[in-house]
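Encoded as structure tokens, the structure appears first; notes follow it.
The values are calculated or read from the model by the stated rules, or taken from the named source; none is laboratory data. Quantities reported herein were computed from a predicted structural model and do not represent experimental measurements. Every residue, glycine as well, gets a Cβ built from its backbone with ideal geometry; the counts of neighbours run over all protein chains shown. In case anyone asks, the SASA skips ligands and DNA or RNA and just uses the protein heavy atoms, side chains included. Shrake-Rupley method; radii C 1.70, N 1.55, O 1.52, S 1.80 Å.
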Amino acid sequence: QVQLVESGGGLVQAGGSLRLSCTASGRTFSTYAMGWFRQAPGKEREFVAAISISGNITYYADSVKGRFTISRDNAKNAAYLQMNSLKPEDTAKYYCAADRVPPWKLALGRALSWGQGTQVTVSS
């Protein structure tokens, strides 16, 4: 049970970049797999990326593979999502998530904790 807070969202032109941050409270951050999800108005929440406890295993949705990079810094209790080559289709509210499960399971949408979300808007 960790508290997650996202930041870094904003308005960006197509082709631009943003870096989202997710800061977690608690001393046991390093025991959680972390993930990023997004939801656009009128659409279901969708998986974006997930990372293992150590950071050595990552998963990405096909729609963002090669453009987005998930990472973590356990010493800072933080996870990140570097988003490059942004497209209008990436416009959504982005949420970070955490759970004591393998990253492949987190990618399915189950999570113990969710952040409040941060809006990303990509214009053309």
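Some notes on this structure:
Quick grid of which residues meet (1) in contact with a Lys or Arg (Cβ under 7 Å, 6 or more places away or on another chain); (2) under 21 Å from residue 43 (Cα atoms):
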site	(1), (2)
100	no, no
107	no, yes
110	no, yes
114	no, yes
117	yes, yes
123	no, yes
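- Checking each residue in the range 81-110 for being open to solvent by 30 Å² or more (accessible area, probe 1.4 Å) and either touching a Leu at 6+ places or on another chain (Cβ under 9 Å) or among the hydroxyl-bearing types (Ser, Thr, Tyr) (or both) picks out 82, 84, 85, 91, 95, 100.
- Exactly one residue out of 97, 33, 50, 61 is touching a strand residue (DSSP E or B) at 6+ places or on another chain (Cβ under 7 Å) and under 17 Å from residue 118 (Cβ atoms), and it is 97.
- Residue 12 meets the stated requirement of being assigned to a strand (DSSP E or B) and either in contact (Cβ under 8 Å) with a residue 12 or more places away in the chain or more than 18 Å from residue 107 (Cα to Cα) (or both).
- Top-ranked residue of the range 54-80 - restricted to ones that are in contact with a helix residue (DSSP H, G or I) (Cβ under 6 Å, 6 or more places away or on another chain) and at pLDDT below 95, ranked as least open to solvent (accessible area, probe 1.4 Å): 77
- Looking only at the range 1-23, and only at residues there that are under 22 Å from residue 77 (Cα atoms) and among the β-branched types (Val, Ile, Thr), the one that is surrounded by the fewest Cβ atoms within 10 Å (Cβ to Cβ): 5
- Restricting the search to strands (runs of 3 or more DSSP E) fully inside the range 23-108 and requiring at least 3 residues that are within 17 Å of residue 1 (Cα to Cα) gives 33-39, 92-99.
- Per-region count, the range 40-53, residues open to solvent by less than 80 Å² (accessible area, probe 1.4 Å) and free of Cβ contacts under 8 Å to residues at least 60 places away in the same chain: 8
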